[in-house]
Amino acid sequence: MNNNLFEDTDSILTEERIFTPTPEMVENANINAYMKSKGFDDYEAFYKWSLANRDEYWDDQAKELHWFEPWQKTFEWTDKPFFKWFVGGKFNIVYNCLDRHMETPVRNKVAFYWEADNGETRSMTYEQLYVETNRLAKGLQNLGLKKGDRVAIYMPAVLEQIIAVLAVARLGAVHTVVFGGFAANALRDRIIDAQAKMVITADGNHRGGKLIQLKNITDEAVAETPTIEKVVVYNREGLDVSMKEGRDIYWHDLLADIPADTVVPCEPMDSEDLLYILYTSGSTGKPKGVVHVHGGYAVGAYTTTKFVFDIKDNDIFWCTADVGWVTGHSYIIYGPLMTGVTSVLFEGTPAYPNPDRWWSVAERFKVTILYTSPTGIRGLMRFGEEWPAKHDLSHLRLLGSVGEPINPEAWMWYRHNIGHDELPIMDTWWQTETGSIMISPTIIQPLKPGSATRPLPTIAVDIVDRNSKSVGLGKGGFLVVRQPWPSQMRTIYNDPARYLTYWETLPDVYFAGDAATIDKDGFIRVQGRVDDVIKVSGHRLGSMEIESSLVSHPAVAEAAAIGKPDELKGEHVKVFVILKNGFEPSDEMAKELKLHVRTTVGALAVPEELEFTPSLPKTRSGKIMRRVIRARELGEPIGDTSTLDA
Ligand code: WT7
């Protein structure tokens, strides 16, 4: 771990600006209604109550959802650190996203407004989404898909991507969505690890005006996997792609004879049955398959959507993430659909064709709640205030941020230019592993720029030292959680030992991998990762993944990747490369190696800086000391080097 962040605890940034909610905001807040029902009118007192009455809180939330059979026990922790929630309950998250709404006015409400990269638009009501999900579920069933089977979804941000996710989960099969920007090797590795039986993809699509050939990439990936039986191809662009006889089938052919009144009942799942696997980077070369289940995950995603975004009947919610990340799973698909809100799905990029594209989307769909990333904000900030000023953003009433620390400057810009100087910003801290938001203000709490503020109800967050002892107010340390919560990952797929590391790095707590400070008022400021995870534009990259890609190139003997602070992206990747004998450093070589990373891992991982070096600092046992490289690079104190092989 990088110790520097942790040991430098005295230099805690003090932020004196504080923004308090208006009385109307508090009065009408969803969280306020629940607090009152429990006899509280103060969040801090309510939070304390929630820590001591965790199961009651989650029982109350879970009861708002539909269960085929109720749970017998809210929480069970007999096999620490593995645990169960809503034990014995029978449930399907998709029933709660769709079927349940067929008996209410939500049925005729728009579920999604969609806008394509080229500006084309489309919308779909809850009923239409229900119909199309059932039809696809039938089609997938006809192809032999059953409960428990794994399906990789490698699609662009079109409504069919959401339909695919819901159809798979409806059948009780397990989806693993792979971000459309990942390269063939990344898709291949995920398919292999999940032993997926099927891939659902598209011919290709345009993002930011550029064509991505998803089917070609899928073909390349699937050629090296032993388990794929069927590839379903959604025709997005009318590209002339090759279709392998007996394996590949077009979505529209699969659905051609399936009528609109087809109903495939939701598979009644055990609360603890797998819903999805989502791969994320850790500190080894192999991405981890984070496992989420139907029951607890649904309760967490639903509750946080309702309380953090304060969803009301007439809201238009827009989460700008990609469905390929956990933010998209929880806050484009599952959370919003369970609350019955209308959402926006956008296929394009923030500044194409112009730097006001996002603001134009927000204006035209009359978005009321916008959830985006610091990278997105910083990226658009640099084009100037005139771009948002062109648009009527008066419908907005709540803003959100996620993925990386938001610097106070970006926070203030966001509030001023997008939030007409009055909107609250929910800076939400969470992770792929946590499934839903953990630390965030709600609409009733005071805000400080750059702080995710306080933990949500029952979330036993603490800032601790190496012995899991609280550091106390005004200090910094490791960000941990002392007690489980419903939407927490259940394990790492095929690798329970790796799951244990989350609970074993620091004694008796869940360690998230982040450092944080807590100020004198109890406001938490997340500082960033202390492991070998690099956060580029809010996306997680493992140092080892980039290094493995580099050493797979014939010219490379050894490589080390570090994250360097970046004004726009939060961090960017710098790599240090030792070439094999017979290869010479050159600009061409650097270019070739960057391209190699692009084609083996994906565009996100491409190093911004590449330095050829004759040697790298290592431990006596031969491990590269990235911490030392990083400290040297940034001119920071190097810290403990007792294991350094000088
Ligand atoms: C890591 C998790 C959770 C959805 C997106 C990322 C960083 C996330 C914040 C925030 C400071 C944040 C942490 C965390 N992070 N949100 N509001 N403030 N840092 O999910 O890819 O699993 O990454 O993102 O470092 O550990 P992820």
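The values are calculated or read from the model by the stated rules, or taken from the named source; none is laboratory data. Just so it is clear, the structure is predicted and the values come from calculations on it, not from any experiment. Cβ atoms come from the backbone with ideal geometry, glycine included; neighbour counts cover every protein chain shown.
Data table
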read-out: The listed residue being more than 23 Å from LYS36 (Cβ to Cβ) and part of a strand (DSSP E or B), out of THR428, THR432; value: THR428
read-out: Count of segment 46-63 residues which are touching a helix residue (DSSP H, G or I) at 6+ places or on another chain (Cβ under 9 Å) and within 27 Å of PRO23 (Cα to Cα); value: 6
read-out: Residue within segment 327-338 that is away from the ligand (no atom under 16 Å from the Cβ), on the phi < 0 side of the Ramachandran plot and not β-branched (Val, Ile, Thr) present; value: yes
read-out: All strands (runs of 3 or more DSSP E) inside segment 209-328 with 2 or more residues being without any contact (Cβ under 8 Å) to a residue 60 or more places away in the chain and closer than 30 Å to LEU396 by Cβ; value: 316-319
read-out: Residue match in segment 449-462 (condition: under 24 Å from GLU363 (Cα atoms) and surrounded by 23 or more Cβ atoms within 10 Å (Cβ to Cβ)); value: no
read-out: Residue list for segment 522-567, restricted to those being small (Gly, Ala, Ser), within 13 Å of the ligand (Cβ to nearest atom), assigned to a strand (DSSP E or B) and surrounded by fewer than 23 Cβ atoms within 10 Å (Cβ to Cβ); value: GLY528
read-out: Within segment 507-521, tally of residues that are under 26 Å from the mean Cα position of the chain (by Cα) and of a type in the set (D, E, K, R); value: 2
read-out: Flag if ILE518 is of a type outside the set (Gly, Ala, Ser) and within 20 Å of SER436 (Cα to Cα); value: no
read-out: Residues satisfying the stated conditions in segment 419-436, i.e. in contact with a helix residue (DSSP H, G or I) (Cβ under 7 Å, 6 or more places away or on another chain), more than 7 Å from the ligand (Cβ to nearest atom) and more than 11 Å from GLY400 (Cβ to Cβ); value: ASP421, GLY435, SER436
read-out: Any hit, segment 345-364, residues being buried (at least 21 other Cβ atoms within 10 Å of the Cβ) and within 16 Å of the ligand (Cβ to nearest atom); value: no
read-out: Qualifying residue in segment 443-465 (condition: under 20 Å from THR375 (Cβ atoms), at pLDDT 95 or above and of a type in the set (A, V, I, L, M)); value: yes
read-out: Selection from segment 367-403 of residues that are within 16 Å of the ligand (Cβ to nearest atom) and either among the aromatic types (Phe, Trp, Tyr) or surrounded by fewer than 19 Cβ atoms within 10 Å (Cβ to Cβ) (or both); value: TYR371
read-out: Residue within segment 486-500 that is among the polar types (S, T, N, Q), buried (at least 18 other Cβ atoms within 10 Å of the Cβ) and within 12 Å of the ligand (Cβ to nearest atom) present; value: yes
read-out: Whichever residue in segment 60-111 is surrounded by 13 or more Cβ atoms within 10 Å (Cβ to Cβ) and among the acidic types (Asp, Glu) and, among such residues, is nearest to TYR126 (Cα to Cα); value: ASP99
